[in-house]
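Everything below concerns the one structure shown next.
The values are calculated or read from the model by the stated rules, or taken from the named source; none is laboratory data. It should be emphasised that the depicted structure is a prediction, and the values quoted were computed from it without experimental measurement. Note: ideal-geometry Cβ built from the backbone for every residue, glycine included; neighbour counts use all protein chains shown.
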Amino acid sequence: MTCFTCNALVPDGAQTCPRCGAKLTADGTQGTQGAQLPQGVQGNQDYVAPWNRMVNQPRDMRGEKREFVLEATGSVKKTFFIRLGQLIIYLASFVLALMLFMGVSWGSSATNFVYDTLPKILSGANLILWVLLLICFSDLQGYEERFGLALRYAVLVMVFTLLALFFTDGVIQLLVSIGELVSGVLFMYYYCGAFSDITDLIDEGVSGKWNLMFKIYMGVTILILAGTLFLYFSIRNARTYYQLLSAVNNTVLWAFIVSVLQLLAMVIEIIIFSKTVKCFENQR
């Protein structure tokens with residue numbers, strides 16, 4: 001007979017499946033524990049339960065699940081190159097923030113382009129990369145369900161990134177920035193969690209690094225949020241010209257610090273991601 005949970009052959013009279021450990025009924029013909037069968041497939045011996053969750057599974061199932069996960073190698077590599085492209089954008093933003101901090105100028109027209117138009121171009125390019133990332137997550141969610149949740153919050157990040165192109169002053173800009181940070185945290189929670197789960201079947205050391213990656217992003221986000229709120233209220237509560245000038249100068253300095261923090265976090269992620277790609281390639 002066949003186990004209705006994992007489709008493995010089970011000896012007649014067996015009380016549990018030797019492959020997945022699912023309990024069988026007294027007559028040994030119906031699986032009652034393990035993956036729940038969708039309606040319409042009860043009694044269908046050709047049905048194979050999908051493996052959307054990869055963690056907290058019996059060790060005797062991990063070998064076959066590992067083979068299943070390795071089918072996602074192509075999508076994992078595509079995601080890596082997209083994140084690498086986003087790293088380049090972060091690097092360009094860092095260079096712009098550094099030039100603004102140093103007061104570099106090439107004349108009114110060129111300076112306006114570099115400090116006003118070019119950041120919007122970089123944001124637009126980043127938006128395109130987010131769309132490509134969504135496509136990869138759509139493929140990967142069949143192997144690990146957290147990618148589907150990461151996809152939803154990636155959409156929110158895109159929305160706030162788009163809003164940031166149109167609202168550049170006042171309270172709305174602050175709200176957009178906070179919304180982008182919060183949605184970014186939720187995205188990173190599911191994004192890092194998904195890669196931690198999916199690599200746990202291949203290399204537990206790399207899986208642990210993805211958990212560390214989320215903590216790094218969380219720390220960076222808290223620093224950015226606290227600094228942004230402090231500067232906003234400093235400018236709003238400025239009573240003299242010198243207080244306002246000092247707050248504006250601090251804003252330029254803070255923009256540079258933020259770009260450094262984001263760049264460092266992104267570099268660490270790319271290093272961990274490169275190890276992840278190697279793990280997938282070495283197992284194939």
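Some points to look at:
- Note on the range 194-223: residues that are farther than 14 Å from residue 269 by Cβ, assigned to a helix (DSSP H, G or I) and not acidic (Asp, Glu) total 6.
- Any hit, the range 158-176, residues being crowded, with 18+ Cβ neighbours inside 10 Å, closer than 30 Å to residue 137 by Cα and within 14 Å of the chain's Cα centre (by Cα): yes
- Only one of the listed residues (155, 185, 131, 104) is closer than 30 Å to residue 237 by Cα, part of a helix (DSSP H, G or I), of a type in the set (A, V, I, L, M, F, W, C) and in the same structural domain as residue 211 (by TED's automatic domain parsing). That residue is 185.
- Criterion applied to 226, 238 was being surrounded by fewer than 17 Cβ atoms within 10 Å (Cβ to Cβ), over 17 Å from the mean Cα position of the chain (by Cα) and either not in a helix (DSSP H, G or I) or not assigned by TED's automatic domain parsing to the domain that holds residue 176 (or both), and the one residue passing it is 238.
- Index of the failed condition, residue 94 passing every other in (1) loosely packed, with under 15 Cβ neighbours inside 10 Å; (2) over 21 Å from residue 152 (Cα atoms): (1)
- Residue in the range 241-252 that is under 24 Å from residue 186 (Cα atoms) and either touching a residue at least 24 places away in the same chain (Cβ under 8 Å) or among the hydroxyl-bearing types (Ser, Thr, Tyr) (or both) present: no
- Inter-residue pairs, beta-carbon under 6 Å, first under 12 Å from residue 165 (Cβ atoms) and in the range 106-131, second loosely packed, with under 15 Cβ neighbours inside 10 Å and not hydroxyl-bearing (Ser, Thr, Tyr), 6+ apart: 120/165; 123/165
- Check on residue 138, assigned by TED's automatic domain parsing to the domain that holds residue 160 and under 17 Å from residue 194 (Cα atoms): yes
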